[in-house]
1. Quick one: check the C-alpha center-to-center distance for segment B:6-22 versus segment B:318-365, whole angstrom.
2. Given 0.36 nm per residue, what is the gain on full extension from A:ALA168 to A:ASP185 after removing their alpha carbon distance, in nm?
3. Under a straight-distance cross-link criterion of Cα-Cα below 13 Å, which aspartates and glutamates are reachable from A:LYS352, leaving out those fewer than 8 residues away in the same chain?
4. Put a label point 7 Å from Cα along the Cβ direction on B:ALA193, then list its distances to the equivalent points in the other copies in nm, shortest first.
5. Need one word for chain A: rounded, prolate or oblate. Basis is the Cα gyration tensor (sqrt eigenvalues a ≥ b ≥ c); a/c below 1.5 gives rounded, then a/b vs b/c decides.
6. What FRET efficiency comes out for the pair A:ALA13/B:PHE326, r = Cβ-Cβ distance, R0 = 41 Å, nearest 0.05?
7. How many nm is it between the label spots at B:ARG465 and B:ALA177, if each spot is 7 Å from the Cα in line with the beta carbon?
8. For A:ALA66, which sequence-distant residues (separation of 5 or more, or a different chain) have an amide H within less than 5 Å of its own amide H, given hydrogens modelled in the peptide plane?
There are 2 protein chains.
Amino acid sequence: MNGADVLCDVLLANDVPVCFANPGTSEMHFVAALDRKPQMRCVLGLFEGVVTGAADGYARMTDRPAATLLHTGPGLANGLANMHNARRALSPMINIVGDHASYHLSLDAPLTSDIESLATPMSNWVRRIAGPDDVAPATEAAYRASLTPPGVTTLILPADAAWGEVGAASVGKVKLASPPAVNMDAVRTVAAAIRAAPGRAGIIVRGRAARADALAIAGQISTGSDVRLFSEVLTARMQRGRGRVAPIRIPYPVDAATAVLRDIDVLVLVGAKEPVAFFAYPGKPGRLVREGCQVLTLATHGENLNAALEALRDELGVKPSQQTVFATAFPDEATPSGKLTEDAIALSVARKLPADAIICDEAVTSARRFFALSAFAAPHDYMMGTGGSIGGGIPMATGAAIACPDRKVINLEADGSGMYTVQGLWTQAREKLDVVTIVFSNRTYAILHGEMRNVGVGAIGENARRMLDLDHPSLDWVCLAKGMGVEAARADTCERFDALLDSALSRRGPFLIEAVL
Amino acid sequence: MNGADVLCDVLLANDVPVCFANPGTSEMHFVAALDRKPQMRCVLGLFEGVVTGAADGYARMTDRPAATLLHTGPGLANGLANMHNARRALSPMINIVGDHASYHLSLDAPLTSDIESLATPMSNWVRRIAGPDDVAPATEAAYRASLTPPGVTTLILPADAAWGEVGAASVGKVKLASPPAVNMDAVRTVAAAIRAAPGRAGIIVRGRAARADALAIAGQISTGSDVRLFSEVLTARMQRGRGRVAPIRIPYPVDAATAVLRDIDVLVLVGAKEPVAFFAYPGKPGRLVREGCQVLTLATHGENLNAALEALRDELGVKPSQQTVFATAFPDEATPSGKLTEDAIALSVARKLPADAIICDEAVTSARRFFALSAFAAPHDYMMGTGGSIGGGIPMATGAAIACPDRKVINLEADGSGMYTVQGLWTQAREKLDVVTIVFSNRTYAILHGEMRNVGVGAIGENARRMLDLDHPSLDWVCLAKGMGVEAARADTCERFDALLDSALSRRGPFLIEAVL
């Protein structure tokens, strides 16, 4: 048995049954080993950003790592942007990066590069396998590191460790440490601070604390103790919809964000970090809480956030029977007609959303209204790019559909962002994934036009326009999708969009709607 | 005047008039500055691999750096694979990576990452600008570093250095050091070794030594002193065609490469490195020269390779009037007909090649015959991916066409490789570039099937097949191209291919031929 076989066996023994892959020569022994394990589902991406982004989407929906297979430094490099998003989403992931045989590195062959230096910024944990006998312990360590607490791990697999014979490998289930008990000192400190600031305390949730069960507890605290409930501007995964507690999302623009937090004297972090401005702007603050706001940590990522919220609720004397208050019906609003708009799409998707759907929102400026409306939609999971790295949407939808084959995935995608990893549509076609992609075709990097105004540029000239607009020629998304085997159609009126969406939702399999704005 | 303006001014003062760009929020002041400099040509890429690959193509054809504009760590990450190719091609390049304002970094906002760690493996030189007053000296240093010797440089531009006012900046032409004088000791040592090994010496050329003028001198040495002339397996740029000296390319397969070098006792490096196996294989050597072969350096990258070759020629007593021997006519061969094949495409392109064309060859296994045939074609420049990183072809053709608007660019592109940076077709359409892309649509990673055989796997199973083949669904390249505004058509017979190629060569502007194999 060689190292590559052992690596596969450790993954399978620990319920890692999916490998998103874009292999190369140095991984041929690993590919051969995967070929001997039909129980491993191998999913090809035609570009590595698809591979890592899909693993992120898979992890968000299953709370489990998928493996990725990447080819040397450049293959890893192509996957880094979505590893960055995954790292910020706190997603478990096991990247396996094939490298030259260890004795070949000193020859500096063309594909040689410093893989550790590339991997470290986008990984929580990096290890180079020392040889065939190190494959099992290293892979077990990677698995453990990917889950305690969840995060991105990268394992470098030299070709000679893959092809070398392994002496004796005992492959079994890795024992994972349980999360620590609730920190009752923190619970009491937080409760006292909330009591001391009636009506001026807030809780911000992230990670597992944004799931329906945790949100329900947070909602009881919010109602029972007059605490405002927030979520971060970018959300890895939140369970939303009718009957679920909907936190206030901290807005992206700095002025709006500081306004939302202006009268908060105590901010409690539940798996979250203190909110900061996405970017710095001359003369504007980087921290978003007001001067003097007390920022307290109830529990951090990797701790049992539900248990911590329950303990806080009890400490505050709020009853588990406390009813939370939430809206149950859409705002009364006429169905839009005529020329298609961003807001009309948001309303249409929110109203028509099938129960238990998964939303992957990378529409950037175009779907801003959707998040608010989704509180009234059928219960669903809502995911966004979390690291600000563009090109996460199509791959994330791909991975989510692999993770949840019985749920409809709807990808709200900006045209600019979609182009970074457009190759993911092919994987959706090949794997026959149940994904509806809605491309907001406004033919511009709209967010950057806004940012130009933010830095004080009024009228822009030819050079800037040509860097901010996606026109001349316009992208034809119907053609692009068909080129990769995904059925597609175009809408420029509300009526046509609604008809296409009805059709796409009534069938299985990938479909793309180009929404011309 | 702010830092961003100064950065642009330094570039323009030093004849860096092209900026390949994919900007983001942290670069808005730089975009505003570029907007104030209409003499800077800004070329948008819809993905950063297009940006850096185009800068590489531009550099290869002009021997000058272009600037790139990339957005924070993830934007840089997306550009790294083609920076890797550029570094291996010894291409000058100035990457400008926008980062958060320096005081914002400690807040660990979502887009924060360790840019230096990401950039270093794929750059010869990295520097973070310390503040507005450091913009001019840092940019001058980057320019100098990009050319002495030519290589990839990365300049990190914090947003507050871009927007900050600059005290007094004197912007002017940077003085570059001249290359050192020819090392006559090396010349004499090499000449003596060649004389001592009659018929068993070889010269291997790279970089500037693969241009027509240097090859002519090397050809005189080869003929006059019975020295074999080699080039590396991957060539950044070689001037080829009728009337030019054609070196023997060292083959990619290890066994073929060692066979070619088996009776070489003295190998002389001219701007080149000692040839090594691209990958390690169990039981096969990594070094390709035979045991005991003497490897000598005549001159290294950055030295005057022409002058060194002239000095060697003179030292060997070869007359400058020495005629070199080269074939002048295509091998006598019937024009293929019927079902299209890889070799038929190679022959057709070689025969029809317009004078002074530029070939960008990323056809991997599919165009292996073209290189041999191109020795008989009209004089042209021939370029390949040099670092083994996939996805260089379409961007490289894009950059070459920007550099040489009056020359026809022909991109021989594998379907697998083309998909990595397919977004480059849009830039070709927008900039109306004179590029003919020929996609070898064999619907498989053919090289990996070969590598599976190399590692001893005979029949492959379902998991491997699904990672090595690009079928179910097939890519429709005509649709993909049209989706990005590039006219395209499909050929599956030799006759149809010839007709399409004639048509594409007779007009200006981008055109894609999907050659179905």
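1. 38
2. Taking 0.36 nm per residue and subtracting the Cα distance, the gain is 1.4 nm.
3. A:ASP498, A:ASP502
4. 7.0
5. On the way: a/c = 1.68, a/b = 1.20, b/c = 1.40.
Oblate shape, in that a/c is at least 1.5 and b/c is the bigger or equal ratio.
6. Numbers: r = 61 Å, r/R0 = 1.50.
Computed FRET efficiency for A:ALA13 and B:PHE326: 0.10.
7. With each label point 7 Å from Cα toward Cβ, the separation is 5.9 nm.
8. Sorted by chain and number, the residues that satisfy this are A:ALA59, A:ILE94.
The values are calculated or read from the model by the stated rules, or taken from the named source; none is laboratory data. All figures in this text were calculated on a predicted structure; none of them were measured in a lab. Cβ atoms come from the backbone with ideal geometry, glycine included; neighbour counts cover every protein chain shown. The area values use the complete protein model at the heavy-atom level, side chains included, leaving out ligands, DNA and RNA. Shrake-Rupley method; radii C 1.70, N 1.55, O 1.52, S 1.80 Å.
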